[in-house]
Amino acid sequence: MATVTDRRAQSATPVREPRSEPRPRRRWRFALLTMIGCLLTIIALTPTIVSRSPLAGWLIAQATSDLQGEASVGSIHLGWFSAPVLADVEIRDAQKRPLLEIEHVRAERSLLSLLLSSGNLGRIRIEKPTLSVAYDGSRTNLEEVFSKWLKGDSTQADVSAELAVTGGTVTLTDTRSTKSWQVNELDLAASVPADERSPIGLRASGRVADSQHAGRFAVELALNRTAAREDPLSAIEALKAELENTPLELLAPLVARSAPDVELGGRLSAFAKCEVTGGNIQPEVAIQLTAVVDKFVLAGGALHGDRLALERIEAGGRASWRGRLVDIERFRVQTELGSALVTGGFNLPDDSLSTLLKSLAEQTYRIEAGVNLAALAAQLPNTLRLQEGMRIESGDAAIILESRRTGDSMRWDGQADVSRLSAQREGRQIRWPEPIRANLSASKNSQGLSIERLECRAKHLQLSASGTPERIDGSLDVDLAGLADEAEQLIDLGGLRLAGTGRGRFQWHRQSQQDYAADGDLQIDKFELALGEGPGWSDPSLQLRVEARGPIGGSPGLAVESGKAQLLIGDDQLTATLVEPVADLMHAASYPLDLQTEGDLVRWSARLQPLLPLGDWQMAGRLTASGRVDYASDTTTIRNAKVRIEEFTVRSPQLNFYDPEVELLVGQAKWLRRQSRFEIPSATLSGQTIGAGVEPLVVAWSEEGELSELNGIVAVRTTLDRIQQWTTATVTEPPAWMFRGNLTGRSSFRTAEGKMLFDADSSVEQFAAYHQSGKKLEEPKIRLTARGQYDPAGNVIQLQTAKLESALLGADANGKVDLGKDRPRIDLDGQYQYDLVRLSELGRTHLGVPLFAAGHDAKPFSYHGPLSLVETEAGLDLKWTGAEIAGFLIGPGELNAQLAGGTTRTNPIVLSVSEGKMAVTPQIVFSENGSILSIEPGQVADRIRISPRMCAGALQYIAPPLAGVATAEGTFSVEMEQCRIPLDAPEKGDLSGRMIIHAVSIGPGPMIRELATALGFGKTAQLSRESVVPFRMVDGRVYHRDLELVFPEVTMKTYGSVGLDQSLALIVEMPIPDKWRTGNRAVDAMVQNQTIRLPIGGSLQEPAIDRRELERQAGQFMQGAVRNVIENHLNRQLERLLQPR
């Protein structure tokens, strides 16, 4: 440390000098140096600060934000001049299960060099990673966690790097069975060089842990870096793979992509080598493969419950691939089921496998295959649809097919044989001694096609053809019943029944150097076709005729200039005519046809039964149809279709539709086969009784066969009487009501986000309903509209609005209808508008109730529950300004009814009625056994003023003398003791109570007249003041007692019953009237306490006194001495009573 001193400091007497302030420049420099020093310190310590602060967690969270899981790092070591190191890295899936655990991730380059040269990552080492993959049968947690990264943009910046994984472990667990497989000692090395011309390299090796058969694998791969971005498969420059005892179950997540329900098992040992030579312009890929699979298992998918288990599969061969040409030097597959050998060259088309199959005739190859049918049937009985209990004991199938080119010509030779076929079923031996054999020898050159030999021979089938480029002839003989019976012995045809003997011929000949002609016919006698036990197609004879004309040599395929196919079945026929030339019959883009058909609809519908079962539905009529059909591989288009049916009838247990003539016109319709989509821009149906139209209509189905799209507009017109006739024609008795009116409707619907939106509007004009009794109800117009959506997933209809409009009644509601449960559930809320004047008119005409009411209002209503009043909840309000029911004048009132738990309850109803008061609290209980109306006990009517109309109603059943009276004055009250009335059978009700007669006088009526005339009384009477008449209705009759009828001469008392059919069973009791007395004190004293009982039968309108009972009672009065005295006088009175009137 240097020390600086001042000479003046050595003086004895120090000289004090004045203090001076520091210079500003020195202060500025010092501050600047301090700031720079702090900044450099912060920069130097930044990696350490970041790695040891919460900032590290934030950076990790940002870097892994797209993961569908959680990521964490135990520790991070960062320094500018040291390589980054991450320790204890862990990633968990959404279920908190460990997915990836890494002990250390190390980079060899320093952090500073990585930042200065981000395109070169250098070497990165991943030490002891553990990957735990869980598979649920459809997806893995690995895919779920990295799903966003997998869907992201695959375009990446150009970087160079080397990746080394050492000591890794991979575990695959099937969560369905908890079975797992583990790969240990996983080492992986990958390199991405900076030079894009250098390939990407990959090397991987590991061991598959297994207690019995430990496996191993090693893979070396080189990829063209530029091509890998577009097509990784075509980018392979070199591949070498060795596998030993590798379980195929490890491939389950990959297999599940195309076949999720397939089970795959076995141990694979294989060697594969792929080398690319010839440069980048048109490289040649040489492939060599040898593979052995032990204990192979395949189940699920299309095997219908079968489980294919093979002890060993051996496969191997060599092939080369240049451009689209694949040359298979030799490829062979050998199993205990059989073997196959393929050699040859294939020129692969650009588009699809179907195009490759179509081009097989132009390829060069040889295929040899053999199958042990007994072994195959033992493994796959359900897939082959073998009969129950069938066991194939022996049988071989062999095929040899060769296609080769010689100069400018192609030649085909083939042979197929099924021999030594025998089986056993339920102890019965079954043999097919005659083999099934097919042979082909043919060639084609510039002159045309030559068939040296084409034949297929079996016991019930003979097919042969031969010819030269000038002429080819063929024939067919078939016994369909024998063919089906022989097949039925072996396999299950699913109820298919075939019968008929067929004979056909075919001829092709050259008409000139440029044209050919072809024709053929097939006739089948006693033809039968059926599925299952139901009715099928049966015709004594059918004939198929075909003819074609076309040019020769104009195209590589068979060109057709014109053609026709005709199916003749008795008087019915179907004709298809080619309307445009086809350049290649086998590979045409489309087939334009004109279709014409006519015949009897009964016979045509019977023929459709095997393909389109109609069940109980039957159709009849004379059919004529025509239209153009363009058939393509993925689309079928129908144009200008016209279907006309005379005397059209459709019958079912619920329907009997008839129209003298209907016509269906379809301008265009299209069936898109791949999309399972049907489109109709417009179509109309017209008839004398119905009309309908659609514009446009689109229907589509998903791959699972579920409806995915339904868009269109449908309109319909008809009449109500026609609908009633169609739906009631099978009823034995004519309906009580007949309906009239013109119905029109229009509905639009479309699908959106998996739901069907609909908007419907229908109306009936000039509505009328006629009852067989002469009653009539008319309404000028009734309109119903609805808008909502249907959710097929939940099977729920959501009603945004539903509206009913009419002069009689209107309603607005919204809610939903759930059809997905065992029983539909309806949830509706809304308002209804009513006109009680019109509704009471409906009650009088429809129910015969003498009801007059007034009131016009809008009130709320609700309905929540199934279509069962026992379980639903509902509410309804009703208000009126006045009413008259059977003579009862009712004042203003309001009803609030609530239905819950199977019981309808109302508010207590208190009304002014005919100068009195009525108070009732009704209740209706709904149950599976019926519905019962009940009224709470108590006084329900208080001092009601009586009228003749009341007497003609309910009162005449309680007090029969009131029936049909001309005048009635006074008041009465009613106390109810019990009231239980089944609504479905009111005559079985049980009610009881008391009628209090305060003061009632009545004029002439049937019973009053009968008694007054018979007994010589006046024709007016009154009921006893403040009397009480108990009554009870049971078993359809109303019983009463203690009814006192007061005449000026005598007071009578009645008791008995009145049936609801108005029949009478009454007794009238009265004392001996004073006018019958003789004047003899002794005699008059003896009869003073005697009572006369008069039985009355008949009906309320025609009462009749029982004469025999009256005579019997008279005999009792005349016994003894009294009889001698009063006999004459009494007889005179009785004669007046019983004399005819």
Which shape class applies to the stretch 955-996: rounded if a/c is under 1.5, otherwise prolate when a/b exceeds b/c and oblate if not, where a ≥ b ≥ c are the square roots of the Cα gyration tensor eigenvalues? oblate
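Percent relative contact order of the chain, based on C-alpha pairs within less than 8 angstrom and at least six residues apart? Write down the numbers at each step before the final one.
On the way: 2819 pairs, mean separation 26.0, N = 1141.
RCO, the chain: 2 percent.
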If the chain between Glu452 and Thr277 were fully stretched, how many nm would it gain, using 0.36 nm times the residue separation less the Cα-Cα distance? 58.6 nm
Which shape class, rounded, prolate or oblate, goes with the stretch 570-648 when its Cα gyration tensor gives a ≥ b ≥ c as root eigenvalues, a/c under 1.5 marks rounded, and past that a/b bigger than b/c marks prolate? prolate
Quick one: dipole size for the stretch 671-788, taken about the Cα centre, charges +1 on Lys/Arg Cβ and -1 on Asp/Glu Cβ, in debye to the nearest 20. 300 debye
Which pairs in the list Lys776/Lys803; Lys564/Lys642; Lys128/Lys179; Lys642/Lys816; Lys96/Lys148 are over 29 Å apart, alpha-carbon to alpha-carbon? Lys642/Lys816
Separation of the stretch 295-312 and the stretch 444-511 by C-alpha centroid, Å? 35 Å
What's the exposure ranking of Thr343, Thr175, going from fewest to most Cβ atoms within 10 Å? Thr175, Thr343
Would you work out which of Val1068, Gln334, Trp537 lies farthest towards the positive end of the dipole of the chain? Charges go on Cβ: Lys and Arg +1, Asp and Glu -1. Val1068
20 Å reach of a label modelled at Thr1020, 7 Å along Cα-to-Cβ, counting backbone N of the stretch 965-985: 965-972
Options Ala238, Leu289, Ala218, ranked by Cα towards positive dipole end of the stretch 200-336, top entry (Cβ charges): Ala238
Two-site label geometry, Lys821 and His213: point separation in nm, points 7 Å out along Cα→Cβ: 5.5 nm
Gyration tensor on Cα atoms of the stretch 200-336, a ≥ b ≥ c root eigenvalues, a/c under 1.5 rounded, else prolate if a/b beats b/c, else oblate, says prolate
Give the Cα extents of the stretch 488-629 along the principal axes, in whole Å, largest first. 55, 40, 27
Neighbourhood net charge (10 Å Cβ-Cβ; Lys/Arg +1, Asp/Glu -1) for Asp572: -2
Could you list Val285, Val333 so that the one with the fewest beta carbons within 10 Å of its beta carbon is first and the one with the most is last? Val333, Val285
So how much slack lies between Val870 and Lys128, counting 0.36 nm per residue of separation and subtracting their Cα-Cα distance, in nm? 260.2 nm
Between Val698 and Glu915, what is the label-point separation in nm under the 7 Å Cα-to-beta-carbon projection? 7.5 nm
Taking Lys and Arg as +1 and Asp and Glu as -1, residues besides Gly599 with C-beta under 14 Å from its C-beta add up to -3
Please give the net charge around Asp761, taking every other residue with its beta carbon less than 14 angstrom from that of Asp761, where Lys and Arg add +1 and Asp and Glu add -1. +3
In whole Hz, the Karplus estimates of ³J(HN,Hα) for the stretch 922-932 (6.51, -1.76, 1.60; θ = phi - 60°; x where Gly or Pro) are x, 8, 10, 10, 9, 8, 5, 8, x, 10, 10
Projecting each Cα onto the charge dipole of the chain (Lys/Arg +1, Asp/Glu -1 at the beta carbon, about the Cα centre), which of Ala1104, Trp604, Leu298 comes out farthest on the positive side? Ala1104
Assign unit charges at the C-beta atoms only (+1 for Lys and Arg, -1 for Asp and Glu), then state the dipole size of the chain relative to its Cα centre in Debye, rounded to the nearest 20. 3100 debye
How far apart, in nm, are the 7 Å Cα→Cβ label points at Gln334 and Lys670? 5.5 nm
Within the stretch 200-336: Cβ-based charge dipole about Cα centre, in debye rounded to nearest 20 (Lys, Arg +1; Asp, Glu -1): 300 debye
In whole µm²/s, the translational diffusion coefficient that Stokes-Einstein assigns to the stretch 656-805, given a Kirkwood hydrodynamic radius over C-alpha pairs, 20 °C and 1.002 mPa s, equals 120 µm²/s
Please report the projected area of the chain's Cα convex hull averaged over all directions, in nm². 93.6 nm²
Suppose R0 equals 60 Å. What FRET efficiency, 1/(1 + (r/R0)^6) with r the Cβ-Cβ distance, do Glu647 and Arg420 give to the nearest 0.05? 0.55
Cα centroids of the stretch 715-778 and the stretch 792-826: how far apart, whole angstrom? 18 Å
For the chain, the longest principal axis of the Cα atoms and the Cα long axis of helix 1107-1117 enclose an angle in degrees, to the nearest 10, of 50 degrees
For the chain, what is the percent of antiparallel DSSP beta bridges, rounded to the nearest 5? 95 percent
To the nearest 0.05, the calculated FRET efficiency linking Ser113 and Leu33 through their beta-carbon distance, R0 being 22 Å, is 0.15
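Values in this text are rule-based calculations from the coordinates and carry no lab data. The structure displayed is predicted, hence computed values, not measured ones. No Cβ is skipped: glycine too gets one built from the backbone with ideal geometry, and neighbour counts run over all protein chains shown.
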